[in-house]
Amino acid sequence: MSTNYDRGDVVIVPFPFVTSGGALQKARPALIISDHSIDRRFEDLIMVGITSRVVEDLKETEYRIIEGTEAFKHSGLAKTSVVRCEYIMTVPRRLIARRLGRLPDETMKEVDKRLKLSLGIKD
């Protein structure tokens with residue numbers, strides 16, 4: 001049985017990264033940005049990465065989820081994190097380890113603004 005995932009879900013997926021010893025994978029949070037209420041040919045999910053490495057000078061394509069806020073409470077994240085809208089990936093549904101939480105609609109509107117910037121989409 002396949003678990004249903006929706007746009008706005010924060011999930012854990014294996015992220016590839018390269019070290020001097022070769023390519024490895026580590027479980028990391030990601031945000032689902034694809035809309036699965038429409039009919040799709042494949043069940044892959046489009047996501048952006050989330051990092052807990054928070055810097056003071058956010059780029060225009062980044063959005064901070066701060067501990068104590070409504071977005072944070074619903075996200076399931078362990079600490080303040082940054083949604084990196086320039087780090088877009090397509091992941092097979094079967095690779096998702098679990099769902100952590102879901103971002104509120106207002107937060108997703110802010111993420112959408114940054115996605116548009118990242119992809120060069122003009123209104």
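Report, by residue number, each residue of segment 97-109 that is over 24 Å from Gln25 (Cβ atoms) and either touching a Ser or Thr at 6+ places or on another chain (Cβ under 7 Å) or surrounded by fewer than 17 Cβ atoms within 10 Å (Cβ to Cβ) (or both).
Scanning segment 97-109 gives Leu103, Pro104, Asp105, Glu106, Lys109.
Just for segment 89-116: of the residues that are modelled with pLDDT under 95 and of a type in the set (A, V, I, L, M), which one is nearest to Tyr63 (Cα to Cα)?
If we take residues in segment 89-116 being modelled with pLDDT under 95 and of a type in the set (A, V, I, L, M), then Met89 is nearest to Tyr63 (Cα to Cα).
Test each condition in (1) touching a helix residue (DSSP H, G or I) at 6+ places or on another chain (Cβ under 6 Å); (2) surrounded by fewer than 14 Cβ atoms within 10 Å (Cβ to Cβ) for Ile65 and report the one that comes out false.
It fails just one condition, (2).
Which of the residues belonging to segment 69-96 are in contact with a Ser or Thr (Cβ under 9 Å, 6 or more places away or on another chain) and of a type in the set (Gly, Ala, Ser)?
Listed by number, the residues that qualify are Ala71, Ser75, Ala78, Ser81.
Yes/no matrix, rows are residues, columns are (1) closer than 20 Å to Leu119 by Cα; (2) under 14 Å from the mean Cα position of the chain (by Cα):
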residue: Gly8; (1), (2): yes, yes
residue: Val13; (1), (2): no, yes
residue: Leu24; (1), (2): no, no
residue: Glu43; (1), (2): no, no
residue: Glu67; (1), (2): no, no
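The values are calculated or read from the model by the stated rules, or taken from the named source; none is laboratory data. Keep in mind that what you see is a predicted model, and the values were worked out from it rather than measured. Cβ sites come from the backbone with ideal geometry, for glycine too, and all protein chains shown count toward neighbours.
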